[in-house]
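The values are calculated or read from the model by the stated rules, or taken from the named source; none is laboratory data. Computed from a prediction, not measured in an experiment: that's the story for all the values here. Virtual Cβ from ideal backbone geometry, glycine too; neighbours counted across all protein chains shown.
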Amino acid sequence: MTTTTAVLTDHERTAVQAYLRLLHTVRAGFDTAAGPADAPRPPVVPPSVLAEAEKALEAAGLAGNEEEFFRLLRSWCPRP
C-alpha cells in the first residue's frame, strides 16, 4: 500500500484550514446536545468565518474549483 503526502502551498494550506474552521462552525450550529432538545436552533455561520473561507479559496486559486480543493483536502487531512 502506497501513501502519498501532499505538499501544499501556504495559500492551499490556509484554504484547507479555513474550510475546516467553517465545517466545525456549521457542525456546532447543528449540535443539539448543547441546549434543550425542544429549543429551535437555526444553524448560524458567522459572516466572518464564511468570508475567511471564501478569501482563502480565492487566494489559493481554488474558487470555483471544488474538485481540486477537495482532492487537496483529502490528501492533507485523510479520514482515519
Practice task
For A15, indicate whether it is modelled with pLDDT of 85 or more and in contact with a Leu (Cβ under 6 Å, 6 or more places away or on another chain).
Solution key: yes
Practice task
Select from segment 38-64 the residues that are surrounded by 11 or more Cβ atoms within 10 Å (Cβ to Cβ), at pLDDT 80 or above and either of a type outside the set (A, V, I, L, M) or within 13 Å of L22 (Cα to Cα) (or both) and list them in ascending order.
Solution key: V49, L50, A51, E52, A53, E54, K55, A56, L57, E58, G61
